[in-house]
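The values are calculated or read from the model by the stated rules, or taken from the named source; none is laboratory data. The shown structure was predicted, so the numbers you read here are calculated from the model rather than taken from an experiment. With ideal geometry, Cβ positions are generated from the backbone for all residues, glycine too; neighbour counts draw on all protein chains shown.
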Amino acid sequence: MSAAAPTAAGPGQAPVLCVVGARPNFMKMAPILRAFAAHRPPIPALLVHTGQHYDAEMNQRLFDDLQLPRPDVNLDVGSGTHAVQTAEVMKRFEPVLDARRPACVVVVGDVNSTLACTLVAVKKQVPVVHIEAGLRSGDRGMPEEINRVLTDQVAERLYTTERSAHAHLQREGVADERIVFAGNVMIDSLQQHRSAARAPAATLRAHGLAPALLDHRHGWGLVTLHRPANVDDPATLAALLETLAQVALRLPLVFAMHPRTRAQIERCGLAGCLDPARVAVLPPQGYLELLGLLAGATLVLTDSGGLQEESTALGVPCLTLRDNTERPITVEQGTNLLVGRDRGAILAAVDDIVAGRGKRGRVPELWDGRAAERIAADLWAWLQRRAAAGRGEAQ
Ligand code: UD1
């Protein structure tokens, strides 16, 4: 391996290289880039998109909604097995690092692109900064858990969204001085765009669906589902769809369907499980559409990490179709309830919410819309300390 020389350049010269790959990265990186630009002096940044998500619905729509700049580099890796996707990102990211020689690489979240770029950078002695560090589900069967643990082990600066993350990192031997509790950048995006959220009726109409579907006295439930543990096994998926069909008898559902889930439903011949009069099936939604559907929902049924947090921030009851969560604060303080795939538990929870006995929560500490600003300030100071230390060593 030919390692590039460590970048001793000060933050004024070398850019910060910011990586995104998949949908949930975009709402985290947008406020970071904005905060870097607003920082005085501005923090020079380059945006690299690995291309892990590439469909217009999973990608360009969100870039537009979040006003993300066009990536400086697109690696165009596309889909593949975990090994292929991770390896492809690594192969294509290495020459970018060599050419750009950044002061550090900023990664967010826990997708394959996060880990792949981290591995390349750390072996080239380029420091890695991980935003949303320390979250742990304790479930190593989840690919994201592996990505989280490994990224955090080698990152040099780790920004956390909730205090439990600090304890996880300490337990795994990460030095205290590397960890900064900064708050939740995803909530920065939510706060910034909330007033521009698209009206749910308009979203349905845009897909040729009658808005009347939402005019039920109980409102609607928003559904998203894409975790391999929920959608890859046909029997598991069939049982979940049957549960959703029963929920839909209580209140209409809007199902924003991930391409992976749609493909699996088609492959398994399960499309008929959901009554179109009670369940509006939509393609993956833009950020502003989803925000509108979420903010107005009676409840959310999801296996997404981001929606657990966004529903807590908006005070919308969330039923998480998983047995664990890496975001425990959404359960302890927010509106989130872990219901797994237990049909009885799901229907009982839906009944409670529809009857007005849903969980009420509060917005967690530092989920205040200013996390990215805090990260920019800290990162700038940290880069300056590193640069000064580098100069000191050279003398
Ligand atoms: C990835 C992340 C997951 C995140 C999710 C959000 C990993 C391990 N997983 O899962 O943590 O919650 O993104 O969506 O990184 N596909 C398309 N178009 C696209 C992208 C994907 O059709 O633009 C289809 C392809 O069939 C692909 C499949 O979705 O094989 C899975 O995509 P992939 O990026 O591997 O994982 P996600 O399930 O999206």
Counting only helices (runs of 4 or more DSSP H) wholly inside the range 144-206, the ones holding at least 2 residues that are β-branched (Val, Ile, Thr) are 185-193
Criterion (surrounded by fewer than 23 Cβ atoms within 10 Å (Cβ to Cβ), touching a residue at least 24 places away in the same chain (Cβ under 8 Å) and of a type in the set (Gly, Ala, Ser)) met by exactly one of Ala295, Ala313: Ala295
State all residues of the range 119-140 that are farther than 15 Å from Pro24 by Cα, outside any helix (DSSP H, G or I) and away from the ligand (no atom under 12 Å from the Cβ); if no residue qualifies, say none. Lys124, Gln125, Val126, Pro127, Val128, Val129, Gly134, Arg136, Gly138, Asp139, Arg140
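In the range 252-271, how many residues are away from the ligand (no atom under 16 Å from the Cβ) and buried (at least 21 other Cβ atoms within 10 Å of the Cβ)?
From the range 252-271, those away from the ligand (no atom under 16 Å from the Cβ) are 252-254, 269-271; that's our starting set.
From what is left, the residues that are buried (at least 21 other Cβ atoms within 10 Å of the Cβ) are 252-254.
Residues meeting the conditions: 3.
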All but one of (1) at pLDDT below 95; (2) within 16 Å of the ligand (Cβ to nearest atom) hold for Pro11; which doesn't? (2)
Is there a residue being within 16 Å of the ligand (Cβ to nearest atom) and of a type in the set (A, V, I, L, M, F, W, C) anywhere in the range 206-223? yes
For the range 287-306, which positions are part of a loop (DSSP other than H, G, I, E, B) and away from the ligand (no atom under 15 Å from the Cβ)? Gly296, Ala297, Thr298
Of the conditions (1) surrounded by fewer than 19 Cβ atoms within 10 Å (Cβ to Cβ); (2) over 18 Å from the mean Cα position of the chain (by Cα); (3) within 12 Å of the ligand (Cβ to nearest atom); (4) not in a loop (DSSP other than H, G, I, E, B), Gly80 clears all except one; give me its number. (4)
Kindly provide the set of residues from the range 307-347 that are more than 18 Å from the chain's Cα centre (by Cα) and part of a strand (DSSP E or B), ordered by number. Leu337, Leu338
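Mind checking which residues of the range 329-351 are charged (D, E, K, R) and touching a residue at least 24 places away in the same chain (Cβ under 8 Å)?
Residues of the range 329-351 charged (D, E, K, R): 332, 341-343, 351.
Those that are charged (D, E, K, R) and touching a residue at least 24 places away in the same chain (Cβ under 8 Å): Arg341, Arg343, Asp351.
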Would you point out which residue out of Val154, Val149 is under 14 Å from Leu169 (Cα atoms) and free of Cβ contacts under 8 Å to residues at least 24 places away in the same chain? Val149
Among the residues of the range 272-290, which ones are closer than 18 Å to Ala22 by Cα, aliphatic (A, V, I, L, M) and surrounded by fewer than 23 Cβ atoms within 10 Å (Cβ to Cβ)? Leu288
Among the residues of the range 355-372 satisfying the criterion of being among the charged types (D, E, K, R) and at pLDDT below 95, which is farthest from the chain's Cα centre (by Cα)? Arg357
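For Val223, are the conditions met, namely being touching a strand residue (DSSP E or B) at 6+ places or on another chain (Cβ under 8 Å), in contact (Cβ under 8 Å) with a residue 40 or more places away in the chain, farther than 30 Å from Leu366 by Cα and not in a helix (DSSP H, G or I)? Steps first, answer last, please.
On the way: touching a strand residue (DSSP E or B) at 6+ places or on another chain (Cβ under 8 Å): yes; in contact (Cβ under 8 Å) with a residue 40 or more places away in the chain: yes; farther than 30 Å from Leu366 by Cα: no; not in a helix (DSSP H, G or I): yes.
Considered against the rule, which asks whether it is touching a strand residue (DSSP E or B) at 6+ places or on another chain (Cβ under 8 Å), in contact (Cβ under 8 Å) with a residue 40 or more places away in the chain, farther than 30 Å from Leu366 by Cα and not in a helix (DSSP H, G or I), Val223 comes out as no.
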From the list Glu156, Glu144, Glu132, pick out the single residue that is closer than 20 Å to Ile187 by Cβ and surrounded by fewer than 24 Cβ atoms within 10 Å (Cβ to Cβ). Glu144
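In the list Ala155, Ala116, which residue meets the criterion of being in contact with a strand residue (DSSP E or B) (Cβ under 6 Å, 6 or more places away or on another chain), among the hydrophobic types (A, V, I, L, M, F, W, C) and either under 29 Å from Ala87 (Cα atoms) or within 16 Å of the ligand (Cβ to nearest atom) (or both)?
On the way: Ala116 fails: in contact with a strand residue (DSSP E or B) (Cβ under 6 Å, 6 or more places away or on another chain).
The match here is Ala155.
Could we say that Thr236 is of a type in the set (S, T, N, Q) and surrounded by 20 or more Cβ atoms within 10 Å (Cβ to Cβ) here?
On the way: of a type in the set (S, T, N, Q): yes; surrounded by 20 or more Cβ atoms within 10 Å (Cβ to Cβ): no.
For Thr236, the condition - of a type in the set (S, T, N, Q) and surrounded by 20 or more Cβ atoms within 10 Å (Cβ to Cβ) - is not met.
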Reported set for the range 22-40 where residues are within 16 Å of the ligand (Cβ to nearest atom) and touching a strand residue (DSSP E or B) at 6+ places or on another chain (Cβ under 7 Å) is Asn25, Phe26, Lys28, Met29
